[in-house]
Amino acid sequence: MTDRRAPEARSGLTTRHLLSMIGAEARAIYGRGSARLAMVVAVLCGVVVALAMQWLFTRAGMGAVDAQINGNPISQMVEFSAGAVGGWALRLRNLFVLPLVLLLATAASLAGELGDHTLREVLVRPVPRWSVLAAKFVVLAVLALVTQALTAAPALGAGMVFFGTDGPTSVQGVLLGYAASWLSDLGLIAIGMLVSTFARSVGAVVVGTMLLLMADLGIRAVLQGMIWLGVSGAEAVQRAMPGNALACWEGFTGDWDPAAFVGLAVIFGVCMALTGWRFQRLDVP
């Protein structure tokens, strides 16, 4: 007699089961210190920038005694608006610490569980391995989205209260920057998951990935020097580097680079495909 059940039902996986797996991953990931640290750092980025801009605003005088830097009034050098506050908060968020913490959370969810043998308990269940990766990725993607919101909300909210929305930097443009930043986070998570299939140590994943990104940064710096020297083809190579793709969010200032988004899509697709291929064949002790 032919089994008419859907393939996922025959494999032991149903939509309800997948949702329960996502819920279990959420409890595991959000229960770790790395996820809580990511949310705290995200809030601090928005709050610190808003307070710093307000302090600078009061120092500038704005119509009273306009403070100066190198003979130039602060009020003419710095934009005071909600969009500007949100933009600086986004830059601070993506400077170093928060991407590192997201990478740490990614490594802990896969390499950490491989290293301490807890992943074996999940894989003994009659579910396809891809569903385990999917559950982890969904929760990490939501974590990245939450951190974006936790930075944007206090920065833009305080900026509107302190300065209003008038200014060259539009709130809508900055929000697009946060959306692009989330896409960049997804690319970083994909890279972290791929590296986690090779290194069964959280520290090794974080250090290895950061070394790769630092090497990319150094190569792009050399290429920038070659561009200044007029070397043909250097700019094209620089735009094809992974670091340029992960920095696609920087286009919110008004100069979006389509090549960066194409590169980010390639990085995400290749890393996730290789992660799935590696994970299917991985020996999990």
Legend entry - Boolean, R91 is surrounded by 15 or more Cβ atoms within 10 Å (Cβ to Cβ), without any contact (Cβ under 8 Å) to a residue 12 or more places away in the chain and not small (G, A, S): yes
Legend entry - Checking V124 against (1) of a type in the set (V, I, T); (2) buried (at least 24 other Cβ atoms within 10 Å of the Cβ); (3) under 25 Å from V284 (Cβ atoms), the condition it does not meet: (2)
Legend entry - Complete set of residues in segment 129-171 that are in a loop (DSSP other than H, G, I, E, B) and under 26 Å from L102 (Cβ atoms): T169
Legend entry - Within segment 155-197, tally of residues that are of a type in the set (G, A, S) and farther than 24 Å from L211 by Cα: 10
Legend entry - Pairs, first more than 19 Å from F96 (Cβ to Cβ) in segment 209-227, second part of a helix (DSSP H, G or I) and not aromatic (F, W, Y), C-beta under 7 Å, six or more apart: L223/A234; L223/V237; L223/Q238; Q224/Q238; M226/A234; I227/A234; I227/E235; I227/Q238
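Mind telling me which of the residues W249, W256, W277 ends up being outside any helix (DSSP H, G or I) and not hydroxyl-bearing (S, T, Y)?
Answer to the check: W256.
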Inset, instruction - Consider L145 carefully, then state whether it is closer than 24 Å to R16 by Cα and either under 18 Å from the mean Cα position of the chain (by Cα) or surrounded by fewer than 22 Cβ atoms within 10 Å (Cβ to Cβ) (or both). - result: yes
Inset, instruction - Output yes when any residue across segment 180-188 is surrounded by fewer than 21 Cβ atoms within 10 Å (Cβ to Cβ), in contact with a helix residue (DSSP H, G or I) (Cβ under 9 Å, 6 or more places away or on another chain), of a type in the set (F, W, Y) and over 20 Å from L92 (Cβ atoms), and no when none is. - result: no
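Just to be sure before I move on: is R91 out of contact with any strand residue (DSSP E or B) (no Cβ under 9 Å at 6 or more places or on another chain), among the basic types (K, R) and closer than 30 Å to R59 by Cα in the structure I sent? Break it down into steps so the answer makes sense when it comes.
On the way: out of contact with any strand residue (DSSP E or B) (no Cβ under 9 Å at 6 or more places or on another chain): yes; among the basic types (K, R): yes; closer than 30 Å to R59 by Cα: yes.
Yes; evaluated as a whole, the condition is true for this residue.
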Legend entry - Enumeration of residues in segment 245-276 that are aromatic (F, W, Y) and either over 18 Å from V205 (Cα atoms) or at pLDDT below 95 (or both): W249, F252, W256, F261
Inset, instruction - Kindly indicate whether V266 is β-branched (V, I, T), assigned to a helix (DSSP H, G or I) and surrounded by 12 or more Cβ atoms within 10 Å (Cβ to Cβ). - result: yes
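Out of L194, L229, L212, report the one residue that is exposed (fewer than 13 other Cβ atoms within 10 Å of the Cβ) and at negative phi. Before the answer, list the steps.
Values: L194 fails: exposed (fewer than 13 other Cβ atoms within 10 Å of the Cβ); L212 fails: exposed (fewer than 13 other Cβ atoms within 10 Å of the Cβ).
Residue meeting the stated conditions: L229.
The values are calculated or read from the model by the stated rules, or taken from the named source; none is laboratory data. Since the structure is predicted, the reported quantities are computational estimates derived from the model, not experimental observations. Please note: Cβ atoms are built from the backbone with ideal geometry, for glycine as well, and neighbour counts cover all protein chains shown.
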